[in-house]
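Everything below concerns the one structure shown next.
Computed from the coordinates by the stated procedures, all read-outs in this text should not be read as laboratory data. Here the structure is a predicted model, which means the values were calculated and not measured. Here the Cβ is made from the backbone with ideal geometry for all residues, glycine too, and neighbour counts use every protein chain on show.
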């Protein structure tokens, strides 16, 4: 039987990635300067690409500008075998760029340019294919597009459609509090999206604890999972932990040498969703998420997601 596609709705952009050298040769300064590289990006689009590379059919809903970067995004998703019939070109709009400076230890500093973004925030209700959502196997979205209208309302309505048809829904918080804080009513909007979600992903310290208003991760997980949703907290090199139905499951990270942590959380979500769609247990899905993320950070850019065979090899080696 043909698999029902996973639908991802949200942001798509380009990433300009600059890998900083470990040291600078002051006598040959030009040779020490890092060369920027352009990649496809966007939290939601990254998850869509991860799902495709792991062998599951996926459709992407989003907005891009009528500019060169928009065409780059479309071509990139097509090359990754992501369905783009619901990727809409917004007239007189531009496609945002994320400028990521990668430190020698793999950690990154991010700047969005221009800060107010544009095309990805203009996705409106006329762009939504209700049949696509109602016939999907899963709907995933990102908090990156919950800060502005009309895309905010569009995503919430899409999640309502999925819930009405019994489609599993997931939200990756992507609060980016270090960039925007709680402005624009983001807490209230995020909480609305969480009520429509069966699964909520987030960084343990930077997102799960702040959105819960609790003092520690255990209290946060307990509080956020009260209304029968699964809360998944990513802990980087310490692995991941989830709470569902009052039970806590914790899994370890896998050995990895971090070259670039950009997109690690997106890779985790893609691995987790594909695993759950294939009928895996919650613990197995966490392990898949950890394994995909560990392989992702071995590659530059946010699109270093491995194949499913590579993931299985990591899981087998680390039993």
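Normalised Debye scattering of the range 48-125 at q = 0.21 Å⁻¹ gives log10 I(q)/I(0) of -1.00, counting only Cα atoms as equal scatterers and leaving out solvent. Over all pairs of different C-alpha atoms, the range 115-188 has a mean inverse distance whose reciprocal, the Kirkwood radius, equals 13.0 Å. For the range 108-242, relative contact order (Cα pairs under 8 Å, six or more residues apart, normalised by length) works out to 19 percent.
Dividing the Cα radius of gyration of the range 240-285 by its Kirkwood radius returns 1.01 for Rg/Rh.
Between the range 174-191 and the range 1-22, how many Å separate their Cα centres? Cα centres, the range 174-191 to the range 1-22: 21 Å. For the peptides 55-64, 144-153, the ranking by packing is 55-64, 144-153, with the highest mean count of neighbouring Cβ atoms within 10 Å listed first. Note that the range 215-319 carries a Kirkwood radius of 13.9 Å, evaluated over its alpha carbons pair by pair.
Shape class of the range 87-236 from the alpha-carbon gyration tensor: oblate, with a/c at 1.5 or above and b/c at least as large as a/b.
For the chain, DSSP calls about 40 percent of its internal beta bridges antiparallel. If you wrap the chain in the convex hull of its Cα atoms and look at it from every side, the mean projected area works out to 16.6 nm².
Here is the size of the range 149-229 from its Cα atoms: Rg then Dmax, 12.8, 36 Å.
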